[in-house]
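The values are calculated or read from the model by the stated rules, or taken from the named source; none is laboratory data. The shown structure was predicted, so the numbers you read here are calculated from the model rather than taken from an experiment. Cβ placement follows ideal geometry from the backbone for every residue including glycine, while neighbour counts extend to all protein chains displayed.
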Amino acid sequence: MIVAVQNFVRESFKFKAGSLEEMTFGQNRILLAHGEYAILAAVVSGRYLDRLKNVLRQGIVRLEADYGAVLADWTGVVDEFDGLDRFLDQILKGRISGKNGNGNPPSAPR
């Protein structure tokens, strides 16, 4: 659905490049972080959301580093993403877990 909204905005306003980064819905904001294969989205409210935007950006990089091979050829079977719920929970808590592409544990964002 988010991709459909993004495409609508791009086509309606003749944008050639760019991506939808944020939407507002009532008191809530929908923050988006785009990767090559996936989009992380978080529905949030309150103040101090700039830190969460950065965490989402770091999260999509890490998500694609850890799950890129699965995402590239994904067949639609959710079971191929072992540990993804825990991974996403850690992103939202600002503590990105898992490997960071070089086998070392990541450091938490500041």
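Structure data summary
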read-out	value
Among (1) closer than 17 Å to residue 2 by Cβ; (2) of a type outside the set (A, V, I, L, M, F, W, C); (3) modelled with pLDDT under 80, the one test that residue 99 misses	(1)
Residues (among the polar types (S, T, N, Q) and at pLDDT below 85) located in region 4-44	6, 7, 12, 19, 24
Checklist (1) in a helix (DSSP H, G or I); (2) small (Gly, Ala, Ser); (3) within 15 Å of residue 42 (Cα to Cα) applied to residue 65, failing item	(3)
Number of positions in region 68-101 that are exposed (fewer than 11 other Cβ atoms within 10 Å of the Cβ), in a helix (DSSP H, G or I), of a type in the set (Asp, Glu) and over 15 Å from the mean Cα position of the chain (by Cα)	1
